[in-house]
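Below is one structure, written out as structure tokens, with a few remarks after it.
The values are calculated or read from the model by the stated rules, or taken from the named source; none is laboratory data. Not measured: the values here are computed from a predicted model. Positions of Cβ are backbone-derived with ideal geometry, glycine not excepted, and every protein chain shown enters the neighbour counts.
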Amino acid sequence: MTGATVWLTGLPSAGKTTIAHALAERLRGEGRRVEVLDGDEIREFLSAGLGFTRTDRYTNVQRIGFVAELLASNGVTALVPVIAPYADSREAVRVRHQAEGTAYLEVHVATPVEVCSERDVKGLYAKQAAGEISGLTGVDDPYEAPESPDLRIESHTQTVQESAAALHGLLVERGLV
Ligand SMILES: Nc1ncnc2c1ncn2[C@@H]1O[C@H](COP(=O)(O)OS(=O)(=O)O)[C@@H](OP(=O)(O)O)[C@H]1O
Ligand SMILES: Nc1ncnc2c1ncn2[C@@H]1O[C@H](COP(=O)(O)OP(=O)(O)O)[C@@H](O)[C@H]1O
């Protein structure tokens with residue numbers, strides 16, 4: 001089985017996790033081995049102790065990229081719904097995959113910050129607005145949007161299933177499913 005890493009980058013509440021799980025369910029139904037490397041879970045275990053400085057986010061993204069590549073090179077489709085706000089950290093992950101000959105796709109879940117802050121799944125936008133936290137990606141911390149992602153998903157203009165289908169279509173087009 002051909003594995004691949006599919007990195008879903010985007011702002012908090014953009015829909016990365018929701019879309020990743022919808023795609024995972026579809027791929028599993030087709031008999032594929034899939035892992036979703038969820039940002040929150042990773043931060044509880046693999047990246048416990050890391051915060052949200054530029055350096056810590058870089059380290060977090062490299063660790064996740066390392067694990068994703070190991071999985072992908074062993075036939076797993078590794079879905080990675082992680083913000084990864086800095087272009088250089090995403091590029092380093094892409095280069096590592098390239099060096100190992102492992103497929104890597106970058107997907108920008110490009111939901112506008114206005115929509116994300118309305119969704120506000122974890123209440124982070126409200127906390128930032130209330131002055132309780134700072135350094136929130138896309139609000140008072142940088143988000144460097146990918147310039148040429150393999151796919152851009154406008155989650156605010158389509159359903160979760162439509163977004164998952166678009167991603168599935170990309171995997172088919174690239175011969176990865
Ligand atoms: N300051 C700040 N900025 C951004 N995100 C924050 C922050 N504080 C906590 N969180 C929550 O942390 C979740 C995981 O972040 P990630 O590991 O994906 O971020 S990063 O790539 O290391 O930047 C991330 O999860 P998602 O909402 O699923 O994207 C946030 O909910
Ligand atoms: N079209 C859509 N695509 C993705 N998520 C959507 C959509 N419409 C509403 N949502 C909701 O937005 C929220 C996105 O949260 P989540 O997937 O955790 O985002 P992220 O992982 O990017 O932080 C979920 O509650 C989801 O149900």
Quick check, is ILE64 within 16 Å of ligand 2 (Cβ to nearest atom) and without any contact (Cβ under 8 Å) to a residue 40 or more places away in the chain?
yes
Checked pairs for the stretch 15-39, first among the hydroxyl-bearing types (Ser, Thr, Tyr), second part of a helix (DSSP H, G or I) and within 16 Å of ligand 2 (Cβ to nearest atom), C-beta under 8 Å and 6 or more apart or across chains, list as THR17/GLY39; THR18/VAL160
Looking only at residues in the stretch 118-147 that are under 21 Å from ALA166 (Cβ atoms) and within 15 Å of ligand 2 (Cβ to nearest atom), which one is surrounded by the fewest Cβ atoms within 10 Å (Cβ to Cβ)?
ALA145
Residues of the stretch 150-177 satisfying the condition of being at pLDDT below 95 and either on the phi > 0 side of the Ramachandran plot or within 14 Å of the chain's Cα centre (by Cα) (or both):
SER155
Tell me, please, whether a residue that is assigned to a helix (DSSP H, G or I) and under 19 Å from VAL109 (Cα atoms) can be found in the stretch 141-150.
no
Set ALA110, ALA87, ALA92, ALA130: member being free of Cβ contacts under 8 Å to residues at least 12 places away in the same chain and either farther than 27 Å from ARG33 by Cα or within 18 Å of the chain's Cα centre (by Cα) (or both):
ALA130
So PHE45 passes all but one of these: (1) over 14 Å from THR5 (Cβ atoms); (2) more than 13 Å from the chain's Cα centre (by Cα); (3) at pLDDT 95 or above. Which condition number does it fail?
(3)
The stretch 11-43, residues that are of a type in the set (D, E, K, R) and under 17 Å from VAL121 (Cβ atoms)
LYS16, ASP38, ASP40, GLU41, ARG43
